[in-house]
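Down below is the structure, laid out as structure tokens.
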2 protein chains.
Amino acid sequence: MLNIQDSFQAREIIREGKYCGYTTGAANQHVQGNLVILPTEYAVEFAAFCNRNPKPCPLIGMGTPGDPFLNSTLGELDIRTDLPKYRVFRYGELVDEPTDIDSYWQSDLVAFVLGCSLSFELPLLEAGFRLPHIEKGTIVPMYITNQQCNPAGRFSGPMVVSMRSFPKNQIKEVMHITGKFPSVHGAPIHVGDPSAIGIKNLYQPNWGESPDTLPEDHVPMFWACGVTPQVVIQKAKPSLCITHSPGCMLITDLLNKDLAV
Amino acid sequence: MLNIQDSFQAREIIREGKYCGYTTGAANQHVQGNLVILPTEYAVEFAAFCNRNPKPCPLIGMGTPGDPFLNSTLGELDIRTDLPKYRVFRYGELVDEPTDIDSYWQSDLVAFVLGCSLSFELPLLEAGFRLPHIEKGTIVPMYITNQQCNPAGRFSGPMVVSMRSFPKNQIKEVMHITGKFPSVHGAPIHVGDPSAIGIKNLYQPNWGESPDTLPEDHVPMFWACGVTPQVVIQKAKPSLCITHSPGCMLITDLLNKDLAV
């Protein structure tokens, strides 16, 4: 684990190749982001896709073609080196998982940084709520739903959600806290019966680990999930796409608390 | 004035060429938007500019290249015909002010729809606040500030603000009401001394009409203004740019009240 609270220093250590693991817990007052890099010829459609689907695709930063620095809007950073690990896809196939992407960078590439659920999990923890997947160090269960995203050009597909369950009497407060963070998935898209959004079996997630049997007084809550754009992009099979490797996020200088409305 | 409350019908009348005037007051429960259309080669940079400057450039809708319908995200509409009047610019020069843009449409054009201050003025009026420029039917005063927008590629420039003044004891409530609408400029960017943001003379606005002398107990409040992207685009001199003609906005199906957070 990268045990450092300063976001700039954390990126520096990663940039120098001294750390290539998960970023969970590092600089945890700061916003971490999912990364998507696409050639210009796909970038307008993907920007429109994010604009039309802000819950699963909260765009907290966007580059211009060929600019790896995002004009310092998220801090002094270099998108080519400042994530611990990347994934490189060609026509939808994973071809490489490098620790920097210097050799892949081109003048037509556009970087998109999307908010992630870490930003609303922290305020939940600070308010005293328990998150079993964090306590156990496992990955939150994620499911493909029957809710279709609003398509944009070549990008279309179902919304993916993550699930966290809470006692019935805590639902309102959890909705309130997460609702204050619309730029990082915000309030849940659904509370209660999983089948209402096309989830057949809560104990067979499409990604992450199956939850323990829900206590009787617990209600499942479902949040739009950052895996959505990954699924949508994989379906579109762009000539080139570079993302973060799961769990190896971009640590930005933005403060989680500044995202609250 | 277009005296009709249904947004679809309002667009239909405009589409058929039966109305080409201001849209203020038409379908006034619905969100009206500023229009910017740019060729794909500029669109990624402009999307990044909006993402980096959400207060002056709140992006409520975005098309994909060549799509004039915005995939119905803002209602059943055709961006080429559904605004009363357009302005066509080539390399920054106004060359035409047509009532439809069928003859200018190309497969590489991308439409951007930006929120406007009408959406937060209505809740202010409903809460009992007075807005003199509306009572008098004049245009709100607008000023170039010394606050630079966060640049993106070829797009850069100062932020433009609009001014409305209120009695000192109403400031807090006005900030609260407008702050609930972050997707349409939101809370003011500055309250008080105009010179703090580079405005030398409150009675010499760069656009709109000079306000009457402010009553002694009044404080000027300044909101990020949708004229900002127009100034920035004019400076970038793109080969082609099409906008709405001032006051002749896109009437969407979105409800103002749904923009409140």
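Is it the case that B:GLY61 is at pLDDT 95 or above, in a loop (DSSP other than H, G, I, E, B) and within 14 Å of another protein chain (Cβ to nearest Cβ)? The answer is no for B:GLY61.
For region A:164-196: of the residues being touching a Pro at 6+ places or on another chain (Cβ under 6 Å) and hydrophobic (A, V, I, L, M, F, W, C), which is farthest from A:ILE139 (Cα to Cα)? By that ranking, first place goes to A:ILE177.
Conditions tested, residue by residue: (1) in a loop (DSSP other than H, G, I, E, B); (2) β-branched (Val, Ile, Thr); (3) at pLDDT below 95.
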position: A:ASN3; (1), (2), (3): yes, no, yes
position: A:ARG11; (1), (2), (3): no, no, no
position: A:GLY21; (1), (2), (3): yes, no, yes
position: A:ALA26; (1), (2), (3): yes, no, yes
position: A:LEU38; (1), (2), (3): no, no, no
position: A:ALA48; (1), (2), (3): no, no, no
position: A:ASN51; (1), (2), (3): no, no, no
position: A:CYS57; (1), (2), (3): yes, no, no
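Only one entry in A:TYR104, A:TYR86, A:TYR91 is farther than 23 Å from A:LYS18 by Cβ and not hydrophobic (A, V, I, L, M, F, W, C), namely A:TYR91. Which ones in region A:89-112 are surrounded by fewer than 19 Cβ atoms within 10 Å (Cβ to Cβ) and farther than 23 Å from B:ALA152 by Cα? Answer for region A:89-112, where residues must be surrounded by fewer than 19 Cβ atoms within 10 Å (Cβ to Cβ) and farther than 23 Å from B:ALA152 by Cα: A:ARG90, A:TYR91, A:GLY92, A:GLU93, A:LEU94, A:VAL95, A:ASP96, A:GLU97, A:PRO98, A:THR99, A:SER103. Of all residues in region A:67-88, exactly one satisfies the criterion of being exposed (fewer than 14 other Cβ atoms within 10 Å of the Cβ) and either at pLDDT 95 or above or basic (Lys, Arg) (or both), namely A:GLU76.
If I filter region B:114-130 for residues that are within 14 Å of chain A (Cβ to nearest Cβ), farther than 15 Å from B:PRO238 by Cα and not polar (S, T, N, Q), do I get at least one hit? Yes - at least one qualifying residue is present in region B:114-130.
The values are calculated or read from the model by the stated rules, or taken from the named source; none is laboratory data. Values in this document were obtained by computation on a predicted structure and should not be read as measured data. Using ideal geometry, Cβ is built from the backbone for each residue, glycine included, and neighbour counts are taken over all protein chains shown.
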